[in-house]
Amino acid sequence: MTSAELVRRLEQLSEAARVHLESLMGSWGMLADLSFSDLVCYVPVVAGRPAGGPQPGGPQPGGAGDQQLVFVAVGQMRPTTSQTLFAVDLVGQAADEAGEGVLVREAWGSGQIVVGDCPYSGETAPVRCQCIPVRFEDSIIAVLVRVWSPRTGRRTGGLERVYRRIFERLASMVAAGLFPFHTGVAAVTDTPRVGDGVIVLDENRRVTFASPNAVNALHRMGIVSQIVGSGLEPLEAETHAVSRVFTGRLPVIEEIERRPEGVVAVHCIPLVEADVVVGAVLLLRDVTDLRRRDRLLLSKDAAIREVHHRVKNNLQTISSLLRLQSRRMGAGPGQDALVEAERRVRAIAVVHEVLAREPSAQVPFGEIVPSLVALAGDAVVDATKVAIRVSGDAGDLNADVATPLSLIIAELLQNAVEHAHVGVDSASLLVDLSFRPGPPKLEVEVRDDGIGFPPGFDVDRTSGLGLSIVRDLVRSQLGGSISVANDDGAVVRLVIPTAPDQAAG
Ligand SMILES: Nc1ncnc2c1ncn2[C@@H]1O[C@H](COP(=O)(O)OP(=O)(O)OP(=O)(O)O)[C@@H](O)[C@H]1O
Ligand SMILES: [Mg+2]
């Protein structure tokens, strides 16, 4: 069972208490790092019942039923600033009644922080446990245990002493119900951690400590003055994080951007004693490189979009040029050829129009179809009423499938409006364009209710340019097949493989 599941099943806790516990375990990486210790969170359950079983009334500290309580670990956190003592997963395990369990029980019963030594199997010497009762409103809801070994722990220097002092203050806040804060803002992955840089402020907002990484992060923002002993005014000019923390008594997470290139993420946490802010901890992280990479990705996306946009514009220019040229020409086969060429270029341009909007390797073909239908509608010159019905959706297609397919469909629709009603005086024509998507293949059918192909028509031997283009694109570019037939009108069927390895070059 995961830690979150265990907490959810603790029926003795109110919803708000559960949220408190979850948010403690959501932000305790900082506590583990500051204390250079492993942290384990224990909650009491009545012996003999599985964690989360029904517990009418719930266990109360100091209550008569205390003897039957066992303390079960619902969460565990390892420090990133020191080595861990636990190679195993403790979640779901009960505290050892001959070891840390005694101290946990004492902290639970007294509501006070309890420190003591207890035997630990992996160590010859006992390890040290600091048991911190977790208060929520008027009750203790869990016990947070900090475990470390004075023998294997980190050597103590100035930085270690400062971090442990901050931890002690935060531990007192946990015991007083003042930590974690209820901001409703979840810490995001880019949130600075202790290893990224720490600044400590006293109650007068003076800097009493700045870790080497924090100094680097400030340099990144052009703040090079002596920091310890002064205020953070240069930083506060950009952000009012510190003043907001001191007045609002809630933590603030913010990113500060300083020209030319520095971006620093700041997490400012108030240290509270008896409802008064007595200082603050700032975690700082230089996120310049992260943000630069984000921007690069963004600009790459924009560049691709821009390229498609230009391709589309260029195709439009070409089609206008062809139109201009066809107008200069007298009516005849030359002019017809230019008009057709212009239409074909436009059929390709519609694909780039979609790609310019959302650049990706996949094109939602359904967004292209209406443009193709409109293009064919434009080609209707006489009084015939043409209705083009679309059914099915081709789905997302690779750009190198979408472009030829767009040209193919434009050609087939054009043929229907051009040839299907030749020599008949029916006033209307119905064209059906249907898609049956794969994988492994996409089937496309264009069917009309006109006169049908001429007798003996063979798609392999047609001299018409339109169907020749269609045939060649379907076979050589898309690796598919084409068949034509008459069935109360002309029917053209295409089968196009969509599995990537089947499509020819
Ligand atoms: N939907 C259809 N109904 C009836 N006949 C068709 C249909 N589609 C094509 N044809 C016949 O097939 C012939 C070949 O078509 P194709 O598209 O290859 O050439 P075209 O349309 O005549 O010329 P182009 O497409 O180059 O303008 C057409 O001339 C026409 O006789
Ligand atoms: Mg044609």
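Take the Cβ atoms of ALA387 and ALA303, set R0 to 45 Å, and the FRET efficiency comes out at 0.60.
Pairs of alpha carbons in region 361-505 separated by more than 27 Å make up 18% of all such pairs. What the Cα convex hull of region 194-286 gives, in volume per residue, is 77 Å³.
Rounded to the nearest 20, the Cβ-based charge dipole of the chain about its Cα centre (Lys and Arg +1, Asp and Glu -1) stands at 1300 debye. Seen through its C-alpha gyration tensor, with square-root eigenvalues sorted a ≥ b ≥ c, region 63-183 comes out oblate because a/c lies at 1.5 or above while a/b is not bigger than b/c. Taking amide H as placed 1.01 Å from N in the peptide plane, the amide H of GLY279 sits under 5 Å from that of LEU271, each at least 5 places away or on another chain.
Taking amide H as placed 1.01 Å from N in the peptide plane, ASP38 has its amide H under 5 Å from the amide H of LEU85, VAL147, each at least 5 places away in sequence or on another chain.
Between ARG155 and ARG293, the FRET efficiency estimated from the beta carbon spacing at R0 = 35 angstrom works out to 0.45. Using θ = phi - 60° in the Karplus curve 6.51 cos²θ - 1.76 cosθ + 1.60, the 3J(HN,Hα) couplings for region 127-135 round to 9, 9, 10, 10, 9, 10, x, 9, 9 Hz; x is entered for Gly and Pro. For LEU69, the residues whose amide H sits under 5 Å from its own are ALA47, ignoring neighbours fewer than 5 places away on the same chain, with H placed 1.01 Å from N.
Spacing of the modelled spin labels on ARG436 and GLN68, each 7 Å from Cα toward Cβ, amounts to 6.8 nm. In summary, the lysines within cross-link reach of LYS441, defined as a Cα separation below 30 angstrom excluding same-chain residues under 8 places away, comprise LYS312.
Applying Stokes-Einstein at 25 °C and 0.890 mPa s to the Kirkwood radius of the chain, computed over alpha-carbon pairs, gives a translational diffusion coefficient of 84 µm² s⁻¹. Considering only LEU413, PHE453, SER483, and ranking their Cα positions along the charge dipole of region 361-505 that arises from unit charges at the beta-carbon of Lys, Arg, Asp and Glu, the one farthest toward the positive end is SER483.
Couplings 3J(HN,Hα) for region 204-220, derived from phi with the Karplus relation 6.51 cos²θ - 1.76 cosθ + 1.60 (θ = phi - 60°), are 9, 6, 8, 7, 9, 7, 9, 6, x, 5, 5, 4, 4, 4, 5, 4, 4 Hz, where x marks Gly and Pro. Karplus-based coupling profile of region 429-435, in residue order and whole Hz: 9, 10, 10, 10, 10, 10, 10, with θ = phi - 60° in 6.51 cos²θ - 1.76 cosθ + 1.60 and x standing for Gly or Pro.
Only the coordinates and a few stated rules stand behind these numbers; no lab work does. All values reported here derive from a predicted model rather than from experimental measurement. Don't worry about glycine lacking a Cβ; one is built from the backbone with ideal geometry, like all the others, and counts go over all protein chains shown.
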